[in-house]
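One structure coming up, written as structure tokens, with questions to follow.
The values are calculated or read from the model by the stated rules, or taken from the named source; none is laboratory data. This is a predicted model, so every value here is computed, not measured. Here the Cβ positions follow ideal geometry from the backbone for every residue, glycine too, while neighbour counts run over all protein chains shown. These accessible areas exclude ligands, DNA and RNA; they are computed on the full protein's heavy atoms, side chains included. Shrake-Rupley method; radii C 1.70, N 1.55, O 1.52, S 1.80 Å.
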Amino acid sequence: MNSTAINLFVSFATLLSGDQTDCLDPANITDETCAGGLASVASVIRHSQQRGDGPAVHIPKLDRVSKFVQNAYFDHETGTTYIHIGDETQPLAAPAVDSLTAALDYVANLNTNSGCFQPSNIFNDGIDEEAEHGDLDSRCSVLTSRCWSPIVLFNTPNKELYTACLEAALNHQHPPLVFYDVHDNNVGYNAPEIVNNSTVVFNLPDSTDVVSHLRIEVGQYDMDKRRSITNMKFSETDLDNLPLELKDDDYIKDQKYLRNLADQAIENDPIVGRSGYMPFTRFENWRMCMGGECPIGNLFADGMRWATGADFAVTPSGGLRGTGWEEGPVHVGDLWTAFPFMNYICTGIMSGVSIYRLLNYSTAVSTFESTYTPMGDRLLQMSGMRMTYNTLVDGSGPGRLMAVEMWNKDKNSYVPLERLRLYRFATDSWMCNGFDPYPSLFGSELQIDGEVPGVVDMNMNVQSKVGDYLMHLNTTYDTSIQGRLVNDTEAFEPLDFIQTPESCLVDYFWDNKVFTCMSCPGGKHVQFSDDLVSFLITNDSNDSAGRNVLYNREMFDVTIAPKSAPSWLIFQNATNDLIEGSFLLQPGESVAINFDVDPSVLAKGSTRSTVSYGVVIDGEYPGCLTDLDITFDVLVELRAEENFNHIEKIRPAGLSLMALAMALSIFFSCYTFKERKHRVIRASQPLFLQLICAGTFIMASSIIPLSIDDGIGENLVQN
């Protein structure tokens, strides 16, 4: 059976063998600092071809969180199509399964047009050299002049997505030749394994020290248009211990070329600012930032916070590395060495509750050890806030987080985190899109009213903005420990911002918008202007009109409906809603209730009654009493006309009799004087008779003051 061999070399080796100060003498093949790098990878591939292994393709490490992470390219020497599946949550990235299926369909369509699915065809090696190197139309024709074998790299840590993509690839009518993963999503394929006789599936370690060589011999297509793999061989070469026979002249030439690039990079590495001494951050298993606060973490968090104007910024400890630098100038290369990832700044808004969730998770799972541990990279470095934790407390319990404080620029000090206050955050794209479970903490779990999930700004590269921050300072950056991560081993009362519907007390309800137990609205600020409206009414009085104003000084709508009122009140409002129906009263609104008293149906004396309105609080307040009554009283005092015993009617008669009595007194006085010598009058003593006449006159005149009463006074006032 005819077969064709394909050699697949996979390596995540760095461009240089070390940093820019390593391998200063590339001609010295015994220099250990020259071990590794792309020069070593190139030597391994070159000697494979010299042995006659056949066409080879090298697949380097690709960025899985950049734009267009789902992509493919064609290698004409080997006839392979390289399909890269990265983080599907990145901007402009299509869903991974759909992208993979579409790429396999496209390759199958090219193979169909090239007549590859004929039993006699395996690979069309007769490539037209003029077409391959000619104009654009000629080069594009190469795609349909041969048969292509897809190779799939799954490059994101997502076990569920990995399983879905692998299943889609293996069940495709034209499955890929190779499907390999670099994130240990399936430990069952640590060694290459041929599946369905047509696809090699395996996992590769994310190592910069090894180049993996997979040699596959492919047979012809079967009746199902699938290729058969006739043979497979897998091997690995340790780049740190490259055999001397591979360090030939071409290897030295490549090392010199890379050394020249490194020298140019050093010469063209601009200064972005100054800082104090930046300590050694990472070497082998040493991880300074995983043990607690570290200066390099502070710098990157400060830079992101400054660039976005955020209230706080965080960055994970796992990505921070490098040998640091001496006090003085800071170069662009220093920043990239400390954080060698093409990450972008991600911003959003979260509440104090969500900040608590974020930090409580970080402190609960972090190991706080300065050596590598699988969960040590979950510890967050921060700017704009300070957290206190206790590493002596078991993280699996209520938590290690004891306190969180936010920087208040107005007070120039830290203040306690407020549970429902909204804070603007800044972090990097790895946290928002890739570093499980932080994407959900910065995204889907931000459900409190006002929170905004993180959004990546592809124009804000992390290293560039940190460099801008150092340049903006115009002073030396302080690399001392700032006390942002505080381990208080005497604090044993964990902070707890989490509330549940079951935790709500009496007179509280669960507000799902803010995930908080809120006090029930009492409606006590829905009230009348007067609690009592009083009237003093007589039969002749028309002053029986009353008025009371109903105010809504609450922060929510209420519905008002009349409930009861005395029958002797007549309401005069323009709308019948105040009398018979219901009406809505919004916050800050008021309504006047006008009425009259009908005294004709009231008994003499005092009458008091109550006017009652029902109040229904609009909105959903489960478990709360949302209806209440508001009232005001009406007091009416109805008085009858008072009898002052005026003598207007008998005054004329009294005065007439007075006049008669006075006239008779004068008449008899005169008669007595005239007949004073008459023996009868003399016998009666004339003086005594005169005194009697004077007395009767005076007595009769007393009727004059007695005839005057307050009725005469009122008439005088009125006149």
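Taking the full set of protein chains and a 1.4 angstrom probe, give the accessible area of R424 in square angstrom, rounded to the nearest 10.
90 Å²
Report Rg (one decimal) and Dmax (nearest whole number) for region 510-635, counting Cα atoms only, units Å.
Over region 510-635's Cα set, Rg and Dmax evaluate to 17.4, 64 Å.
Which whole-angstrom value gives the distance between the alpha carbon centres of region 291-369 and region 399-417?
Using only Cα atoms to place each centre, the spacing works out to 18 Å.
Please calculate the 1.4 Å probe accessible area of T33, with all protein chains present, and give it to the nearest 10 Å².
50 Å²
Students often get this wrong, so try it: which of [x] 1.61; [y] 1.06; [z] 1.91 is Cα Rg over 2.2 N^0.38 Å as calculated from the structure shown?
Of the labelled values, this structure produces [z].
Let me ask something else about it. Residue by residue, what Karplus-based ³J(HN,Hα) values in Hz, rounded to whole numbers, does region 282-287 have, using 6.51, -1.76 and 1.60 with θ = phi - 60° and x for Gly and Pro?
8, 7, 6, 8, 6, 9
Long-range amide H contacts for L536: which residues qualify at under 5 Å (H placed 1.01 Å from N, peptide plane, sequence gap of 5 or more or a different chain)?
Here E637 satisfy the definition.
Here's another thing I want to ask about it. Residue separation times 0.36 nm, minus the C-alpha to C-alpha distance between E490 and L691: what's the value?
Length gained between E490 and L691: 60.3 nm.
Leaving ligands, DNA and RNA out of it, work out the accessible area of V182 with a 1.4 Å probe and give it in Å² to the nearest 10.
The accessible area comes out at roughly 10 Å².
Still on this structure: So, in nm, how far is label T371 from label M223 when the simple model puts each one 7 Å beyond its Cα toward the Cβ?
My value for the distance between the label points is 6.2 nm.
Please list 310-316, 443-449 highest first by mean number of surrounding beta-carbon atoms within 10 Å per residue.
Result, highest mean Cβ count within 10 Å first: 310-316, 443-449.
In whole Hz, with x marking every Gly and Pro, tabulate ³J(HN,Hα) for region 704-709 from phi via Karplus 6.51 cos²θ - 1.76 cosθ + 1.60, θ = phi - 60°.
4, x, 6, 7, 8, 10
Given a 1.4 angstrom probe, what's the average accessible area per residue across region 352-426, in square angstrom?
Spelled out: the 1.4 Å probe surface of region 352-426, per residue, equals 41 Å².
While we're on this one: Using helices alone, what [θ] at 222 nm do you get for the chain, with -39,500 (n - 2.57) per DSSP H run of 4 or more residues, divided over all residues and rounded to the nearest 500?
-8000 deg cm²/dmol
Are any of the pairs K61/K465; K409/K465; K61/K225; K409/K513 more than 27 Å apart by Cα-Cα distance, and if so, which?
Going by Cα-Cα distance, K61/K225; K409/K513 fall outside the 27 Å limit.
Per residue, how much accessible surface does region 623-697 expose to a 1.4 Å probe? Answer in Å², no decimals.
About 74 Å² of surface per residue is accessible.
Which three semi-axes in whole Å describe the equivalent ellipsoid of region 605-674, each the square root of 5 times a Cα gyration tensor eigenvalue, listed largest first?
For region 605-674, the ellipsoid semi-axes come out as 80, 7, 6 Å.
Further, regarding this structure: For region 607-684, give the percent of accessible area contributed by carbon and sulfur heavy atoms, probe 1.4 Å, rounded to a whole number.
C and S atoms contribute 57 percent here.
With only alpha-carbon atoms counted, please give the Rg and Dmax of region 7-65, in Å.
In order Rg, Dmax, the Cα atoms of region 7-65 give 13.3, 38 Å.
Roughly what percent of Cα-Cα pairs across region 373-525 reach past 23 Å?
Looking at region 373-525, the distances longer than 23 Å represent 55 percent of pairs.
Here is a follow-up. Taking amide H atoms as placed 1.01 Å from N in the peptide plane, list the residues 5 or more away in sequence, or in a different chain, whose amide H sits under 5 Å from that of Q220.
Sorted by chain and number, the residues that satisfy this are S228.
Using C-alpha positions alone, give me the convex hull volume of region 177-334 per residue in cubic angstrom.
It comes to 227 Å³ per residue, whole-number rounded.
At a Förster distance of 60 Å, what's the computed FRET efficiency of D557 paired with N645, Cβ-Cβ distance as r, to 0.05?
0.45
How far is it, in nm, from the label point at M699 to the one at S207 when both lie 7 Å from their Cα along the line to the Cβ?
15.0 nm
Each residue of region 159-173 in order: what ³J(HN,Hα) in whole Hz does its phi give by Karplus 6.51 cos²θ - 1.76 cosθ + 1.60, θ = phi - 60°, with x for Gly and Pro?
Result, rounded to whole Hz: 5, 5, 5, 4, 4, 5, 5, 5, 4, 5, 5, 5, 8, 5, 4.
Kindly report the accessible area of region 442-567 per residue (heavy atoms of protein chains, probe 1.4 Å, no ligands, DNA or RNA), in Å².
59 Å²
Specify the angular offset, from 0 to 90 degrees and rounded to the nearest 10, of the alpha carbon long axis of helix 651-674 from the longest principal axis of the alpha carbons in the chain.
It is inclined by approximately 30 degrees.
Another question, then. Quantify, in whole percent, the carbon and sulfur part of the accessible surface of region 515-559 (1.4 Å probe; protein heavy atoms only).
That fraction is 46 percent.
With the full set of protein chains in place, find how many percent of the accessible area of region 295-432 is carbon and sulfur; take the probe as 1.4 Å.
51 percent
Additional query: Quick one: length gained pulling I708 to T163 fully straight, 0.36 nm per residue minus the C-alpha distance?
Using 0.36 nm per residue and subtracting the Cα-Cα distance, I get 184.4 nm.
Same structure, new question: Peptides 415-423, 339-347: what's the order by average Cβ count within 10 Å, highest mean first?
339-347, 415-423
Under 5 Å between amide hydrogens, which residues at least 5 positions from H331 or on another chain qualify, with H placed 1.01 Å from N in the peptide plane?
V272
Can I ask one more? Work out, step by step, the length gained on full extension between S606 and S564: first 0.36 nm times the residue separation, then minus their alpha carbon distance; give nm to one decimal.
Separation in residues times 0.36 nm, less the Cα-Cα distance, equals 13.1 nm.
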